[in-house]
Each structure stands twice: as structure tokens, then as C-alpha cells.
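Below is one structure, written out as C-alpha cells; the observations come after it.
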Amino acid sequence: MIEIRPLANRREFEDFFRFPWRVYAEDPNWVPPLLSMRRQLLDKAKHPAWQYMEGEYFAAWRGDDMLGTVVAFINHEHNRYQDENIGFFGMFETVNEPEVAHALLEVACEWVKGRGAAAIRGPATFTTNEECGLLIDNFSRPVIMMPYNPPFYQGLVESAGFDKVMDVHCLYMDRDLIEANDTLTRLERLVGRAAKRSNISVRKFNGRDRKTEFKRFQEIYNAAWEQNWGFIPMNEAELQALVDDLGMLVEPNLACFAEIAGEPVGFALSIPNFNEPLHRAYPRPGVPEVLTMAQVAWHWKIRKSIRGVRMPLMGVKKEYRNRGVELAMFLALMKALLPSQYDYLDSGWILETNPLIGISVNLGSKIYKTHRFYQKALLP
């Protein structure tokens, strides 16, 4: 018999915390998170999104054996900003048993419906600024800040009555692809004309003034993404969390701002794929994080084993789009990438409705991963 119930005590919380290591024990592509980051993610007192959310953690049990997890929540800021009335599910992990998965999702549905939500969407943990969407193809190792799940999750979610509401894509370009397609020459020609016409300039991230630069990024990000599907503005606490998480990874040559007549109008932020050394160190409960980080540092700083970068964030203010600003920043990043130790660039995720996908593909990028948001109606 399967029982779904909220976490009742510290022991059950620890079982919830450790459960992914059980699900992915035999999966060579899963990249375990740092224990400290997972604890902060789960802590309602520390994660900034809980300032405007309410939710509950649930687990599936057969006797004393935990079989799955899910969080159900209402994101009040999302509903206010997007003018919707929905709830969300996330942290969906389960053994490959439809009975377990369906029971977890049904409890999540009932929880958000009980608080007036007309539909439930997910997976999301917890906003579109973080890991979200269900991987539905190319189950290779994920890059930094991208979710991963077993292939069988898709069938479990869909058989529970959830339908696609939006796909997001990740694009891939490697050094050989850039050179084979003469991408830089084509870009330089396009950007040269646009820069002259619109007075576009691109400068790299100022690593000596990271706090100010991240503040500029926040301002452009909130303006550039304001009409995007699923977006909510990043507040000060979330900006600080981003700085804390990514600040040490930012390499000035791989991040840039675009300016028109001296005014910052766009940004592109790329970071080394920290998942590469993290997978080699393989954080796990019971192993002190100081030892894990020593291994990460060895692979990252000494062996320099990171081979690629991810561009998780790019944006241009609405009034300056279609002037070549995006292409100018992309060219700057390509020029920084080629002489570096890095061999590939992952750009994602990008909404399937974003015309930038077509532009990127024409320049030689490949769509290589898709994550899907699902939704289920709860009220007539």
C-alpha cells in the first residue's frame, strides 16, 4: 500500500534530502548537487523564493521505505505578475512505478486546488530563474544549472493526465562547428554593419566591480524578460543568491554588456560548466563538503578539466531589439571562446517561441536538448 504524506520530522526530511542519490545511484549521467546548495534549496527560511510562495513537501512511502518525493506550491508573485491562477509541482523524483508517481502528482494537484488554483504546472524548482522543465530527449550529462531526470519520468507524468504547455530548448555549438561554418566571418560582417548603423559597442564584464555589474545585469534582465512566458522579476534577495552561487564562476572574458551610445541595453552571461568537475568529485551524503570542494578545485583549477561553458542568461531591452545587439554579444563571446581552453558553448534554455533559435541555428548552432513544462487543469 502506498501512503503519501507531508514530511513529519527531521528524519523524514533527511530521507527526502537524500532520495535523489537513491534514484540515480546507477545513472552515470546524473550530477549530484553540493550538499550545502541542496540544503539551502530545501530550506524555506533561506531560499529567497519562499518570500512570496507557500508550499508543502510530500513523500511516498511503502511502510518505512521512501519511494518518491514532490513539492506542491503556490507562487503568488508568478500569479500576480503573469495574471494567472495556477499552482506548481517540483522536486518530482520517483521509482519507476506508475502507482507511486500518480499518487504523488495527485496529492500535489489536490494541495494546490485546495488553495484555489485552477491548474498545476511543472516541474519547477522553484522559478524560471532556476532548474525547471522535464528533460524529454538526449539524456546525456547536464550542464550547470540544468535539470536532469530518467527517461521514464515523461511517461509517468503524461499518464497522470498532464499535457505539454511549453517546450524550452538548449543549443550547442563547438569549436569545430564554428570553424567549419565560417561563423565568425559571417557574424563579423553582420555585426559590423549593425554596429555602424546603431552605434553598438560591446564591453566585457568588469571583474573588479562584480557587485555593480550584477546590479546592471538585474536591471537589464528584468526589463528584457518582462513579457516572457513564465517570467517574474528577480528581486534583491534573488540577485544576491545568484551572485553567491555564480559569482565565483564568472570569467570576465565570457560575460559582456552591449551598449548603444554608452547606455547598457543588453547582456550575455556565460560561465564554465561547473558540472564537469562536480561530477568527478561526486558529492554525497556522509562525505564532508570540504573534501568534495578540494576535489572540485583539483579538477577545475589544477587539471583545468572543464571543456565547455554555458550561457544561461542573455537579454536585450525591448526597444533595442532587432538592431543586431544580440549578434554583437554573440560575436564577442565567440571571439573569447576560441582562444580559451573551452571547446563548446551551451546556450539554454530558450523558449520554443523565441525567434533567436532560428537565428542561432542559421549561424551553426544545433538544438540538442528539450525540456518540457506540463500542465493539468484542476477546475472546469
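The values are calculated or read from the model by the stated rules, or taken from the named source; none is laboratory data. Since this is a predicted model, take the numbers as computed values, not measurements. With ideal geometry, Cβ positions are generated from the backbone for all residues, glycine too; neighbour counts draw on all protein chains shown. Note: accessible area is taken over every heavy atom of the protein model, side chains too, but ligands, DNA and RNA are not part of it. Shrake-Rupley method; radii C 1.70, N 1.55, O 1.52, S 1.80 Å.
Summary table below
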{"quantity": "Some residue of region 147-168 being hydrophobic (A, V, I, L, M, F, W, C), in contact with a Gly (Cβ under 9 Å, 6 or more places away or on another chain), closer than 18 Å to Val31 by Cα and outside any loop (DSSP other than H, G, I, E, B)", "calculated": "no"}
{"quantity": "Options Phe17, Phe13; residue that is among the hydrophobic types (A, V, I, L, M, F, W, C), part of a helix (DSSP H, G or I) and open to solvent by less than 20 Å² (accessible area, probe 1.4 Å)", "calculated": "Phe17"}
{"quantity": "Search result, residues across region 60-99 that are among the charged types (D, E, K, R) and in a helix (DSSP H, G or I)", "calculated": "Glu77, Arg80, Glu99"}
{"quantity": "Qualifying residue in region 367-376 (condition: touching a helix residue (DSSP H, G or I) at 6+ places or on another chain (Cβ under 6 Å) and open to solvent by less than 10 Å² (accessible area, probe 1.4 Å))", "calculated": "yes"}
{"quantity": "Hey, Asn354 surrounded by fewer than 17 Cβ atoms within 10 Å (Cβ to Cβ), free of Cβ contacts under 8 Å to residues at least 60 places away in the same chain and at positive phi or not", "calculated": "no"}
{"quantity": "Residue in region 31-45 that is least open to solvent (accessible area, probe 1.4 Å), counting only those that are part of a loop (DSSP other than H, G, I, E, B) and touching a Lys or Arg at 6+ places or on another chain (Cβ under 8 Å)", "calculated": "Pro32"}
{"quantity": "Extreme residue, nearest to the chain's Cα centre (by Cα), among residues of region 338-361 that are closer than 21 Å to Ala224 by Cα, assigned to a strand (DSSP E or B) and modelled with pLDDT of 90 or more", "calculated": "Trp349"}
{"quantity": "Per-region count, region 263-286, residues loosely packed, with under 14 Cβ neighbours inside 10 Å and free of Cβ contacts under 8 Å to residues at least 40 places away in the same chain", "calculated": "2"}
